[in-house]
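A.B. asks: Quick one: the structure is below, questions incoming.
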Amino acid sequence: MASNSHSPRFVRWSGYFAPTLREEPGDAEVVSHRLMLKAGMIRKVAAGIYDLLPLGLRGLRKVEAIVREEMDRAGAHEVLLPMVTPAELWQETGRWDVYGKELLRFQDRHERWFCLGPTHEEVITDLVRREVRSHRQLPITLYQIQTKFRDEVRPRFGLMRGREFMMKDAYSFDRSDPEAEATYGRMREAYDRVFARCGLRFTSVEAATGAIGGSFSHEYMVLAESGEDQTVSCSKCGFAANIEFAATAPIPSGSRSLQAASDAHPGGRTLQGTPDALPGSRTLQGASASSDAGSLSAPRRKIPRLPGEPSPSPIEPPAPCPKCSAPLSLTRGIEVGHVFKLGEKYSKAMKATFLDAEGKERTMVMGCYGIGIGRTFAAAIEQGHDENGPILPPSIAPFHVLLTTVAQDPRALEAAESLAKELNGAGIEVLWDDRDERAGVKFKDGDLTGIPVKIVVGKRFIEKGTIEIKPRRDGAACEVPPSAALAAAHEFLAR
RNA sequence: CCGGGAGUGGCGCAGCCUGGUAGCGCACCUGCUUUGGGAGCAGGGGGUCCCCGGUUCGAAUCCGGGCUCCCGGACCA
């Protein structure tokens, strides 16, 4: 499990800042939004703009840490680019005029135009073109984890679709097309690892790229009923695609186009095709579809049909899989990640070139790769919750163990504290609810944290010297002496 | 941006139609009782009723304009 060395690993609830709500928040429909408000993880500041409170921030930091580790493992290097970016860079690629109102623009005191960065192709390309001259400095992949701003017409669903949001965006620069595709493949493997480590059931699907010709992309979807996107998937061969893409993909000739579309993209192999390297017991369903890091907070893309093509009808399960003819199933998903092969779109416009071994000037081949950090955390709640609150995977829960003392008896408190310290020494992060509250209040609040393992020190400890330990997910408690708690906690966390 | 809904103590809401002392639950403070799934009783504090203007003896309530927020949709290279 990933943990941040800079966040406290043992926190007492008394004195902590986790203002839970007793009543249902009035203006939240979606589960993750409602529960995050109720748990005191977030508070709204304006439409699509939120405060992240300690519990919520810890969750996001966990996701962030996993993303960072996997990016580093894939050979990418972390940078931090400015959030405020000058108009000139955007004018170079024409996006200053094209982007529209989503790009929040403003002037500084000298009346120079700037915007809040919604994505950073221009900024990163500017950096790289100035510093990279030789083929010997390539390939290189840079990434950052940063707050982005997109002035969405209608933000909604809390962290799932905000205007300000935390995003990891990576950009690769390669010397050739094949090299760029290899990088793309490595990024896809990193993405598979990230979402698997986050404990999510997900799928990746192919997408057509619309206006950006010659390129391709994949989007990563967390499977959840509340998802805005629909995908079709085949449980037999692992094929998967965004339903809109599946229904509208161009048909080269006879065969219904899914297969052709899928095969046409080198990055499009399914996870079953890359059985290596993925830890954990995730349920993956395949590979599928969409656009650059820029579209992360903008799911649902309509892919234009070719002229003269018959009007497509959506693929309704149980349609046969275009690859293996097994029945397709329909799932809903939340787009949490996007990888996109950009080609030369930005490098050409901004003259990001290098000299190859023959001394010839060539244009860099780019890719970009986004992950919505907050959205991933919210998606985990969409996927894991019950009527009492979130049920989070250990890897991204704000703490690993919630220790609740129900009796304010000095012996119980003492036992709890030494237990907390023992767990802590073993690398387990503990939130100890030491508040002088009624048991009911503590249990209700405790469930709202989403922490996967619960330990109760109370009446039975006073009577029999035992404590209760149980997983948040299914309430089956076991009663053990405190000396057995560490082993039990490890066991539950490993499930 | 189109359509629908809503702004009233910190939170959730009623009151508005039919103008006349601003209410309820939760939270908060005090006391007593209680103590394993959001306790009970008693007492208490807390309000520019979103804003501006109009009608009226009198506006939370009626009228006009504006702002903000939520939901559905469109949009989201």
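The values are calculated or read from the model by the stated rules, or taken from the named source; none is laboratory data. No experiment lies behind these values; they were computed from the predicted model shown. Every residue, glycine among them, receives a Cβ derived from its backbone with ideal geometry; neighbour counts consider all protein chains shown. Keep in mind that these areas ignore ligands, DNA and RNA; they rest on the heavy atoms of the full protein, side chains included. Shrake-Rupley method; radii C 1.70, N 1.55, O 1.52, S 1.80 Å.
A.B. asks: Given (1) open to solvent by less than 50 Å² (accessible area, probe 1.4 Å); (2) in contact with a Lys or Arg (Cβ under 8 Å, 6 or more places away or on another chain), where does A:D445 come up short, assuming only one miss?
C.D. replies: (2) is the only condition that A:D445 fails.
A.B. asks: Same structure again: Could you name every one of the strands (runs of 3 or more DSSP E) located completely within region A:382-495 that has at least 2 residues being under 34 Å from the mean Cα position of the chain (by Cα)?
C.D. replies: In region A:382-495, the matching strands (runs of 3 or more DSSP E) lie at A:401-405, A:430-433, A:453-457, A:467-471.
A.B. asks: Select, from A:K459, A:K444, A:K454, A:K421, the only residue that is touching a Pro at 6+ places or on another chain (Cβ under 9 Å) and in contact (Cβ under 8 Å) with a residue 40 or more places away in the chain.
C.D. replies: Among A:K459, A:K444, A:K454, A:K421, only A:K454 is touching a Pro at 6+ places or on another chain (Cβ under 9 Å) and in contact (Cβ under 8 Å) with a residue 40 or more places away in the chain.
A.B. asks: Can I ask one more? Report, by residue number, each residue of region A:105-158 that is over 22 Å from A:G185 (Cβ atoms), of a type in the set (D, E) and within 16 Å of RNA strand B (Cβ to nearest atom).
C.D. replies: A:E122, A:D126, A:D151, A:E152
A.B. asks: Another question, then. Only one of (1) at pLDDT 95 or above; (2) charged (D, E, K, R); (3) within 16 Å of RNA strand B (Cβ to nearest atom) fails for A:K44. Which number is that?
C.D. replies: All conditions are met except number (1).
A.B. asks: Now for a different question. Please specify each residue of region A:103-126 satisfying the condition of being out of contact with any strand residue (DSSP E or B) (no Cβ under 8 Å at 6 or more places or on another chain) and open to solvent by less than 60 Å² (accessible area, probe 1.4 Å).
C.D. replies: Once the filter is applied, which keeps residues that are out of contact with any strand residue (DSSP E or B) (no Cβ under 8 Å at 6 or more places or on another chain) and open to solvent by less than 60 Å² (accessible area, probe 1.4 Å), region A:103-126 yields only A:D126.
A.B. asks: Quick test for you: out of A:G294, A:G280, pick the one residue that is open to solvent by 20 Å² or more (accessible area, probe 1.4 Å), touching a helix residue (DSSP H, G or I) at 6+ places or on another chain (Cβ under 8 Å), modelled with pLDDT under 95 and closer than 30 Å to A:R34 by Cβ.
C.D. replies: A:G280
A.B. asks: Follow-up question, since we're still on this one. Of all residues in region A:1-31 being over 22 Å from A:A420 (Cα atoms), open to solvent by less than 50 Å² (accessible area, probe 1.4 Å) and part of a loop (DSSP other than H, G, I, E, B), which is modelled with the lowest pLDDT?
C.D. replies: Among residues in region A:1-31 that are over 22 Å from A:A420 (Cα atoms), open to solvent by less than 50 Å² (accessible area, probe 1.4 Å) and part of a loop (DSSP other than H, G, I, E, B), the one modelled with the lowest pLDDT is A:A28.
A.B. asks: Does A:A247 satisfy being modelled with pLDDT under 70, hydrophobic (A, V, I, L, M, F, W, C) and either under 21 Å from A:R156 (Cβ atoms) or in the same structural domain as A:M366 (by TED's automatic domain parsing) (or both)?
C.D. replies: yes
A.B. asks: Which condition does A:K345 not pass, out of (1) within 30 Å of the chain's Cα centre (by Cα); (2) open to solvent by less than 40 Å² (accessible area, probe 1.4 Å), if it passes all the others?
C.D. replies: For A:K345, the exception is condition (2).
A.B. asks: Ok, one more. Of everything in region A:48-78 that's open to solvent by 60 Å² or more (accessible area, probe 1.4 Å), part of a helix (DSSP H, G or I) and in contact (Cβ under 8 Å) with a residue 12 or more places away in the chain, which residue is nearest to A:S7 (Cα to Cα)?
C.D. replies: The residue in question is A:R61.
A.B. asks: Just wondering, is there one or more residues in region A:11-33 that are at negative phi and away from RNA strand B (no atom under 16 Å from the Cβ)?
C.D. replies: yes
A.B. asks: Considering only region A:353-381, state which residues are part of a strand (DSSP E or B), among the aliphatic types (A, V, I, L, M) and either in contact with a Gly (Cβ under 7 Å, 6 or more places away or on another chain) or open to solvent by less than 10 Å² (accessible area, probe 1.4 Å) (or both).
C.D. replies: Scanning region A:353-381 gives A:V365, A:M366, A:I371.
A.B. asks: Another question, then. Six or more apart or on different chains, Cβ atoms under 9 Å: show the pairs whose first residue is in region A:476-495 and within 14 Å of A:A420 (Cα to Cα) and whose second is hydroxyl-bearing (S, T, Y) and assigned to a helix (DSSP H, G or I).
C.D. replies: A:P482/A:S418
A.B. asks: When region A:472-490 is examined, which residues are found to be more than 10 Å from RNA strand B (Cβ to nearest atom), surrounded by 14 or more Cβ atoms within 10 Å (Cβ to Cβ) and over 21 Å from A:V31 (Cα atoms)?
C.D. replies: Passing the criteria: A:C478, A:V480, A:P482, A:A484, A:A485, A:L486, A:A488, A:A489, A:H490.
A.B. asks: Select from region A:430-445 the residues that are more than 8 Å from RNA strand B (Cβ to nearest atom) and under 17 Å from A:A397 (Cβ atoms) and list them in ascending order.
C.D. replies: A:V430, A:L431, A:W432, A:D433
A.B. asks: To continue, here is another question. Please verify whether A:F202 is touching a helix residue (DSSP H, G or I) at 6+ places or on another chain (Cβ under 7 Å), closer than 22 Å to A:R68 by Cβ and modelled with pLDDT of 90 or more, treating the condition exactly as stated.
C.D. replies: For A:F202, the condition - touching a helix residue (DSSP H, G or I) at 6+ places or on another chain (Cβ under 7 Å), closer than 22 Å to A:R68 by Cβ and modelled with pLDDT of 90 or more - is met.
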